[in-house]
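Peer 1: Just dropping this structure here.
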Amino acid sequence: MQKNAGAKQEISGLHGFRAILCLIVANYHIWQQSWLPQGFRLFGRWISYDYITRTGYMMVDGLILLSGFLLFLPHARCMFEGGTAPRTDHFYIKRLARIVPSYLLAVLAALFFIALPQHLYYSPKVMWKDLISHLTFSQTFFYQPYQATHLNGVLWTVCIEMQLYLLLPVLAFCARKKPGLTFGGMAVIGWLYRAFVYYRIPDTAMYINQMPAFLDVYAMGMLGAMLYTWLSKWMQENSGWKKGLVHGLATALLIIGVMLVSSVLKAQAKIASVGLDALRLGQLSNRLSLAVGLMACILGIAFLPRALEWLFGNRLMRFFAEISFNFYIWHQILAVQFMKHWFGFDTLHNTPGLQKAFTLLCYAVSLVIATAVTYAIEKPIANKVNQWLKQRERKNDHEGSETGNTEQTTDSLLLPAEGGGESAD
């Protein structure tokens, strides 16, 4: 494949974007247990970010949007730069290698160290349904495993991601051939599904976060990857003041995106104050506008000037982005267990010192476990799989060269230059 020699393969700023999204979601879950006041004093004035914390669950949409953006990037580069599309078998193997080991550890740890010792299941049938649905990434289809699981409450998001991973090669193929029709169809399905739930389903708890409800969000991420690739290629073909103009516009776009996201979260916080049903309806009605704001943030960060890009792509942000998956799947269950066994509900909520200690404990232990699991389990397994696939690819290339039928890949998971971009997903 002929690559643009100067093409930017890694979008380092998206490490920080992923880290921020993950921290907002985690802060919401930990705050649910602690009720720690969300704000700080600056020059004697109380600065509150309470509305961000109370709506932190909505940043799951941002993680799904970012996933669609990153995973469609190699397909977008194929469209604009030529070459062979990423291999479907490699994509599935890579996704399974990255997700399943950490996920399986979290499920089994919850089962054998929490659910069974604490006798949380009232019958073996309920236990097996909970366990099997989690192991098959189908828990969102059943009430107890989804709404009342004793394994790990945040794992439903991994289930949705896996369902989208299953569809991505087909969606990507269609998007390469007919992008307008594909993205338009995904958007219509997402809108119609949410409208049906909003207007026709009395109890929306089981339906607001099913996979079809995110299809337009995912489509927006894929479209964003195309816009990024096109503009990146244009910048490589131009220089001087034109690049400076793009960097300036990107900074403005990021500011606009942050303002739009902030306004959506404020509106959602106001809606949610009415009650749980209103909160869920607000999620449905605000999902699209939130995705637009977050997409503006992604594209803004992707084209920031180098000095500003460092704020999102520095070593600290990269480290947290690298461990973010394991941090995400461990933080909530730890917070619940700490509350249940080490802190009393009434005592914690009425003691500011304990609230701070509890919050610090949750973050510290989650970071330690996430770091250990990432570097002891996730990365070694992923590296082994990467090496195996590279060896197989080299063998295929060698055989192809002998027959005059060499196939090259644009799979971002196989290109070292794009390793950083992948880790942000």
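The values are calculated or read from the model by the stated rules, or taken from the named source; none is laboratory data. Not measured: the values here are computed from a predicted model. Backbone-built Cβ (ideal geometry, glycine too); neighbour counts: all protein chains shown. Side chains included, ligands, DNA and RNA excluded: accessible areas come from the protein's heavy atoms. Shrake-Rupley method; radii C 1.70, N 1.55, O 1.52, S 1.80 Å.
Peer 1: Looking at this structure, is residue 265 open to solvent by less than 30 Å² (accessible area, probe 1.4 Å), within 29 Å of residue 205 (Cα to Cα) and among the aliphatic types (A, V, I, L, M)?
Peer 2: In short, yes.
Peer 1: A follow-up question, please. In the set 157, 140, 149, which member is closer than 26 Å to residue 335 by Cα, open to solvent by less than 10 Å² (accessible area, probe 1.4 Å) and polar (S, T, N, Q)?
Peer 2: Exactly one residue qualifies, and that residue is 140.
Peer 1: Given the criteria open to solvent by less than 20 Å² (accessible area, probe 1.4 Å), free of Cβ contacts under 8 Å to residues at least 60 places away in the same chain and not hydrophobic (A, V, I, L, M, F, W, C), does residue 221 qualify?
Peer 2: It is false that residue 221 is open to solvent by less than 20 Å² (accessible area, probe 1.4 Å), free of Cβ contacts under 8 Å to residues at least 60 places away in the same chain and not hydrophobic (A, V, I, L, M, F, W, C).
Peer 1: What are the residues in the range 168-181 that are of a type outside the set (Gly, Ala, Ser) and surrounded by 14 or more Cβ atoms within 10 Å (Cβ to Cβ), if any?
Peer 2: 168, 169, 171, 173, 174, 176, 179 - these are the residues of the range 168-181 that are of a type outside the set (Gly, Ala, Ser) and surrounded by 14 or more Cβ atoms within 10 Å (Cβ to Cβ).
Peer 1: Mind counting the residues in the range 275-314 that are among the charged types (D, E, K, R) and either under 21 Å from the mean Cα position of the chain (by Cα) or crowded, with 18+ Cβ neighbours inside 10 Å (or both)?
Peer 2: So the answer is 3.
Peer 1: I'd like the full set of residues that are of a type in the set (A, V, I, L, M, F, W, C), under 15 Å from residue 249 (Cβ atoms) and not in a loop (DSSP other than H, G, I, E, B), limited to the range 296-318.
Peer 2: Listed by number, the residues that qualify are 296, 297, 298, 299, 301, 302, 308.
Peer 1: On to the next question. Would you please name the residue that is least open to solvent (accessible area, probe 1.4 Å), looking only at residues in the range 186-202 that are in a helix (DSSP H, G or I) and more than 26 Å from residue 175 (Cβ to Cβ)?
Peer 2: The extreme case among them is 198.
Peer 1: In addition: How about the range 32-44: which of its residues are open to solvent by less than 40 Å² (accessible area, probe 1.4 Å) and free of Cβ contacts under 8 Å to residues at least 60 places away in the same chain?
Peer 2: Scanning the range 32-44 gives 38, 39.
Peer 1: Yes or no: the range 354-364 includes at least one residue that is in contact (Cβ under 8 Å) with a residue 12 or more places away in the chain, under 30 Å from residue 299 (Cα atoms) and surrounded by fewer than 22 Cβ atoms within 10 Å (Cβ to Cβ).
Peer 2: Checking the range 354-364: at least one residue is in contact (Cβ under 8 Å) with a residue 12 or more places away in the chain, under 30 Å from residue 299 (Cα atoms) and surrounded by fewer than 22 Cβ atoms within 10 Å (Cβ to Cβ).
Peer 1: Further, regarding this structure: Restricting the search to the range 250-288, which residues are outside any helix (DSSP H, G or I) and polar (S, T, N, Q)?
Peer 2: 273
Peer 1: Now a separate question. Look at residue 239 and say whether it is at pLDDT 95 or above, open to solvent by 40 Å² or more (accessible area, probe 1.4 Å) and over 20 Å from the mean Cα position of the chain (by Cα).
Peer 2: no
Peer 1: Within the range 127-150, how many residues are touching a helix residue (DSSP H, G or I) at 6+ places or on another chain (Cβ under 6 Å) and over 23 Å from residue 164 (Cα atoms)?
Peer 2: Qualifying residue count, the range 127-150: 1.
Peer 1: Taking the conditions exactly as written (hydroxyl-bearing (Ser, Thr, Tyr) and modelled with pLDDT of 95 or more), does residue 289 satisfy them or not?
Peer 2: The answer is yes for residue 289.
Listed here are the residues, each with its yes/no results for (1) farther than 21 Å from residue 156 by Cα; (2) part of a helix (DSSP H, G or I); (3) touching a Leu at 6+ places or on another chain (Cβ under 8 Å); (4) of a type in the set (A, V, I, L, M, F, W, C).
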| site | (1), (2), (3), (4) |
| --- | --- |
| 291 | no, yes, yes, yes |
| 294 | yes, yes, yes, yes |
| 322 | no, yes, no, no |
| 334 | no, yes, no, yes |
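Peer 1: Within the range 134-155, can one find any residue that is modelled with pLDDT of 95 or more and on the phi > 0 side of the Ramachandran plot?
Peer 2: yes
Peer 1: Of the conditions (1) open to solvent by 20 Å² or more (accessible area, probe 1.4 Å); (2) closer than 20 Å to residue 277 by Cα; (3) of a type in the set (Gly, Ala, Ser), residue 205 fails just one. Which one is it?
Peer 2: Of the numbered conditions (1) open to solvent by 20 Å² or more (accessible area, probe 1.4 Å); (2) closer than 20 Å to residue 277 by Cα; (3) of a type in the set (Gly, Ala, Ser), the odd one out for residue 205 is (1).
Residue by residue, here is whether (1) over 30 Å from residue 31 (Cα atoms); (2) at pLDDT below 85 holds:
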{"position": "346", "(1), (2)": "no, yes"}
{"position": "359", "(1), (2)": "no, no"}
{"position": "363", "(1), (2)": "no, no"}
{"position": "366", "(1), (2)": "no, no"}
{"position": "380", "(1), (2)": "yes, no"}
{"position": "385", "(1), (2)": "yes, no"}
{"position": "395", "(1), (2)": "yes, yes"}
{"position": "400", "(1), (2)": "yes, yes"}
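Peer 1: I'd like the full set of residues that are more than 17 Å from residue 333 (Cα to Cα) and either among the β-branched types (Val, Ile, Thr) or open to solvent by less than 20 Å² (accessible area, probe 1.4 Å) (or both), limited to the range 45-59.
Peer 2: Answer for the range 45-59, where residues must be more than 17 Å from residue 333 (Cα to Cα) and either among the β-branched types (Val, Ile, Thr) or open to solvent by less than 20 Å² (accessible area, probe 1.4 Å) (or both): 47, 52, 53, 55, 58, 59.
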